[in-house]
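Written below as structure tokens is the structure these notes are about.
The values are calculated or read from the model by the stated rules, or taken from the named source; none is laboratory data. Note that the structure is predicted; figures quoted are calculated from it, not measured. Cβ coordinates were reconstructed from backbone atoms using ideal geometry, including for glycine residues, and neighbour counts include every protein chain displayed. What goes into the accessible areas is simple: the full protein's heavy atoms, side chains included, and nothing from ligands, DNA or RNA. Shrake-Rupley method; radii C 1.70, N 1.55, O 1.52, S 1.80 Å.
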Amino acid sequence: MLRTPGAVRDAERWTAHNYHPLPVVISSAEGCWLTDVDGRRYLDCLAGYSALNFGHRHPKLIEAAHAQLDRLTLTSRAFIHDQFADFCRELAKLCGKDLVLPMNTGAEAVETGIKVARKWGYQVKGVTPGQANIVVAEGNFHGRTTTIVSFSTDEDARADFGPYTPGFTVVPYGDLDALTAAIDENTVAVLLEPIQGEQGVVVPPEGYLPGVRRVCTERNVLFIADEIQSGLGRTGATFACDLAGVTPDMYLLGKALGGGIVPVSAVAADADVLGVLKPGQHGSTFGGNPLACAVATEVVRLLATGEFQQRSAELGERLHGGLQSLVGKGLVAVRGRGLWAGLDIDPALMTGRQACERLMEHGILAKDTHGSTIRLAPPLVITEEEIDHLLAQLAAVLAG
Ligand SMILES: Cc1ncc(COP(=O)(O)O)c(C=O)c1O
């Protein structure tokens, strides 16, 4: 008897329904492959929303986690532990920044960025007390806290969670004139995803990010890049900002930083920005814990070789080439960079959800977003043959 139906029912029974997962129950995984409770295998084409850039259970990351589990797991930041400095130094160097502030989830990194920008605004820029504002983009996704959903333009994410946190101005994504016009003397930061993941892997027009960088510098405004989903190799570069040749004032990182093992997020910036925080003004019990640091240091070392960025760039060409050939054959548009793609399915054929259900039957796990769009973000350890397999299964699903 199959175990999946009962396991799905049980999960539904005992949890809040804040997700609508595919009816598949995973019990083990390795590299790009997942196995369910009935022994069926699936190619993972979501990779934990890019938290599994290095695949499931990458041997070096598992080794680092095991070694650390046997020595020390938590101290809190009340004491310093021996994994802390290595992590902060190596991540700061990867980012080309002076300092790192570790947290746990992506949303916490975003909250940290907002707090730091506001404090910087009052203490360094001289913004009128209580008047700081941050310019953000339509279609953004930065997490689920009450402050972050306050400036979401997705009603599912925002409605009925007010009262909302003030101090954010929303402008159309990719429109430099609108962004420039929204900046006033109390603007402390522009907060953007260099590629909007949740929105469907939306790549801004060429020249947009360099333009944002230029305007932020001219107007003494911090450019905060939320690279939580786009960063750490996903797009074929360490950061999606690299592809546009820009360096933000602050990187927000998460997801892949924890190697798919522990939640690890971080903010990286120079001392004139992150230096505004003093003891007691920000923190987290688990942020920068020894287990997190041990795994994340190994993640940074994997990235420092450049191997994963190169894989993503090269294999991404194969993926995007194959996807482009399906435009007009069930796909209406394909966007993305590296091993990251947003596909718009012809809505006359099926919804994104239906496409993901059919892909699941073909042994491919992917995630829909916004109606007829699917995101593909396989682990960066995927091979050419596995990409070809994905493309063949997708073609079969689209052909009905
Ligand atoms: C760009 C971006 N920022 C922030 C977050 C929030 O991260 P978390 O779910 O770890 O809080 C996400 C999650 O999808 C994201 O894609």
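List of remarks:
- D (Stokes-Einstein, µm²/s), Kirkwood Cα radius, region 72-305, 1.002 mPa s at 20 °C: 120
- Euclidean distance of C-alpha centroids, region 8-78 and region 210-276, integer Å: 25
- In this structure ASP249 has an accessible area near 40 Å², from a 1.4 Å probe over the protein heavy atoms.
- Fully extending the segment from GLN281 to VAL8 would add 94.0 nm, taking 0.36 nm per residue of separation and subtracting the current Cα-Cα distance.
- Here the simple spin-label model places points 7 Å from the Cα toward Cβ, and for VAL170 and LEU349 these points are separated by 3.1 nm.
- Available extension along the chain between ARG318 and ASN220 is 31.2 nm, counting 0.36 nm per residue and deducting the alpha carbon span.
- Global geometry of region 252-400, whether rounded, prolate or oblate, following the gyration tensor of its Cα atoms and the 1.5 cut on a/c: prolate
- Mean residue ellipticity at 222 nm, helices only, the chain: -11000 deg cm²/dmol; runs of at least 4 DSSP H residues each add -39,500 (n - 2.57), and the sum is divided by the number of residues.
- Label positions at LEU69 and SER27, each projected 7 Å from the Cα along the C-beta direction, are separated by 1.9 nm.
- Gaussian network model of the chain, Cα within-10 Å springs - most flexible of ALA296, ALA348, ALA240: ALA348
- Two-site FRET efficiency, LYS329 against ARG57, from Cβ-Cβ distance with R₀ of 41 Å, rounded to 0.05: 0.70
- In this structure GLU12 has an accessible area near 80 Å², from a 1.4 Å probe over the protein heavy atoms.
- Here the Gaussian network model covers the chain, with springs between Cα atoms less than 10 Å apart; of ASN104, ASN289, ASN18, ASN18 fluctuates the most.
- Computed magnitude of the charge dipole of the chain (debye, nearest 20; Cβ of K, R +1, Cβ of D, E -1): 600
- Top of PHE161, PHE84, PHE286 by mean-square fluctuation, Gaussian network on the chain, Cα under 10 Å: PHE161
- When the Cα gyration tensor is reduced to axis lengths a ≥ b ≥ c, the ratio a/c is 1.5 or higher for region 212-286, and with a/b not above b/c it is classed as oblate.
- Residues whose amide H comes within less than 5 Å of that of VAL332, counting only those at least five positions distant or on another chain, are ASP344, ILE345, ASP346 (H built at 1.01 Å from N in the peptide plane).
- FRET efficiency for GLU384 and ASP177, using Cβ-Cβ distance with R0 set to 35 Å, rounded to 0.05: 0.25
- If R0 is 60 Å, the Cβ-Cβ spacing of VAL124 and ALA399 corresponds to a FRET efficiency of close to 0.55.
- Subset of LYS255/LYS278; LYS255/LYS367; LYS60/LYS278; LYS60/LYS115 violating a 24 Å alpha-carbon distance limit: LYS255/LYS278; LYS60/LYS278; LYS60/LYS115
- Using a probe of 1.4 angstrom and keeping all protein chains present, the accessible surface of the chain works out to 43 square angstrom per residue.
- Element breakdown for the chain at a 1.4 angstrom probe: carbon and sulfur atoms account for 52% of the accessible area.
- Ellipsoid fit via the Cα gyration tensor, the chain: semi-axes of 34, 26, 20 Å, each the root of five times an eigenvalue, largest first.
- Just so you know, the Rg over Rh for region 194-255 is 0.95, from Cα atoms, with Rh as the Kirkwood radius.
- Residues in region 219-234 carry Karplus couplings, in order, of 9, 6, 10, 6, 9, 9, 9, 7, 9, 4, 9, 7, x, 6, x, 4 Hz; the curve used is 6.51 cos²θ - 1.76 cosθ + 1.60 with θ = phi - 60°, and Gly or Pro positions show x.
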